[in-house]
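Comments concern the structure below.
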Amino acid sequence: MELSGTLHSHLSTLNLSSPPYIGRLAPSPTGYLHLGHARTFYVAAERARVVGGRLLLRNDDLDATRFRLDFVEAMKEDLRWLGFAWEEPMTSQSQRLPLYRASLAQLHAAGLIFPCHRSRRDVLDAVSAPHEGGDNDEPVYPAHFRPPADAPLPPLDASFNCNWRFRVPDGETIAFMDALFGPQRAVAGRDFGDFLVWRKDDVPSYQFSCAVDDALMGITEVVRGADLIRSTFRQLLLIRALGHAAPSYCHCPLMLDDKGERLAKRHDALSLRTLRSQGVTPAEIIAKFSA
Ligand code: GLU
């Protein structure tokens, strides 16, 4: 199978004068890792290694409907097989609920979130433009669903079990410099709207848990797939609202298969497990990335 999605030399973009580097690998245990994950993690590990930085492993295991315990062990084994080393212990998001609750309380006290009783279907029905986002994206929340800014908020303790959304600063341009994709910008309220921070099943959203963790773990550079560039604008707003310093970002181009589709966990032929069972060595895999 021919793969594309070129990764240009990335090491020249590292800033050696910034504070001690702390990077992270943040897989979700929802399937076996494939070549695309391996390449992103290779970039993350290389960038940490070259500057003598630290590399942490975060297990993004909050999505109880898709998460499987055996995938946690499998992903660690696959990462070790490829030769990546991280600082133990691994951090599991499912163990950090008190931290997420405390950060949510901070946003609540600042009046930056609001409870939302609309379903995903309500939101989809109300938006006119077709929604093109990926897994972690959501349509722009309709302005007329949003409560007035001065409406009193119900207390949080009694309402962890409803959806809470972050009220975005309408019209503000959010910008960042990506190490590989260059300058990025999006306008709040136009390119993305009020987004979910807490789900009614009492679980933080991906955007929220990721922003809180990147801030509290002291991550200085986030290396991840380019499908998450659109998420970065939201996470930057959350990190700022919580009073933390923002990390730098390095999004890696997605690997595409011979039909031009991004590699997904369903591409079993390209899972590291399958390649390994066919006798492919870690060195052969890494050689593809560094070529
Ligand atoms: N766990 C997320 C995923 O596998 C990535 C999170 C991130 O790197 O921000 O899609």
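The values are calculated or read from the model by the stated rules, or taken from the named source; none is laboratory data. These numbers were taken from a predicted model, which means no experiment stands behind them. In this analysis, Cβ positions are derived from the backbone assuming ideal geometry, glycine residues included, and neighbour counts consider all displayed protein chains. These accessible areas exclude ligands, DNA and RNA; they are computed on the full protein's heavy atoms, side chains included. Shrake-Rupley method; radii C 1.70, N 1.55, O 1.52, S 1.80 Å.
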Considering only the chain, percent of DSSP beta bridges that pair antiparallel, nearest 5: 55
If ligands, DNA and RNA are left out, what is the accessible area of His37 with a 1.4 Å probe, given in Å² to the nearest 10? 40
Please report the spacing between the Cα centers of region 217-291 and region 23-94 in Å, no decimals. 10
Put +1 on the Cβ of each Lys and Arg and -1 on the Cβ of each Asp and Glu in region 163-286; which of Phe176, Ala245, Gly193 then has its Cα farthest toward the positive end of the dipole? Gly193
Once Lys and Arg get +1 and Asp and Glu get -1 on their Cβ, which of Pro27, Leu107, His267 lies farthest toward the positive end of the dipole of the chain? Leu107
Please give the contour-minus-distance gain from Phe145 to Leu216: 0.36 nm per residue of separation, less the Cα-Cα distance, rounded to one decimal in nm. 22.4 nm
Proximal lysine pairs in the chain, meaning Cα under 24 Å and 8 or more positions apart or interchain, come to 4
For Asp194, list long-range residues whose amide hydrogen, built 1.01 Å from N in the peptide plane, is under 5 Å from its own amide hydrogen. Tyr141, Val168
Taking the full set of protein chains and a 1.4 angstrom probe, give the accessible area of Asp258 in square angstrom, rounded to the nearest 10. 90
Table column - 3J(HN,Hα) (Hz), region 95-112, Karplus curve with 6.51, -1.76, 1.60, x for Gly and Pro: 8, 10, 4, x, 5, 5, 4, 5, 5, 5, 4, 4, 5, 5, 4, 8, x, 9
Per-residue ³J(HN,Hα) for region 228-233, Karplus 6.51 cos²θ - 1.76 cosθ + 1.60, θ = phi - 60°, Hz, x for Gly and Pro: 9, 4, 5, 6, 4, 4
Pairs of Cα atoms under 8 Å, at least six residues apart: use those to get the relative contact order of the chain, whole percent. 25
Scan around Tyr21 for amide H atoms under 5 Å from its own, H built in the peptide plane at 1.01 Å from N, and keep only partners 5 or more places away or cross-chain. Arg54
Net charge around Arg118, counting only other residues with Cβ within less than 15 Å of its Cβ (Lys, Arg = +1; Asp, Glu = -1)? +3
Show that you can apply the helix-only estimate: for the chain, add -39,500 (n - 2.57) for every DSSP H stretch of four or more residues, divide by all residues, and state [θ] at 222 nm to the nearest 500. -9000 deg cm²/dmol
Pairwise label distance in nanometres, Ala226 with Arg273, each label 7 Å out on the Cα-Cβ vector: 2.9
When you take every Cα atom in the chain, what is the radius of gyration, and what is Dmax, the widest Cα pair distance, in Å? 19.4, 63
For the chain, with all protein chains present and a 1.4 Å probe, just round the carbon and sulfur fraction of the accessible area to a whole percent. 53
Measure nothing fancy, just the Cα-based angle from helix 206-216's long axis to the longest principal axis of the chain, in degrees from 0 to 90, nearest 10. 80
For Glu88 and Ser119, compute 0.36 nm times the residue count separating them, minus their Cα-Cα distance, and round to one decimal in nm. 7.2 nm
Suppose all protein chains stay in the model; what accessible area per residue would a 1.4 Å probe give for the chain, in Å²? 48
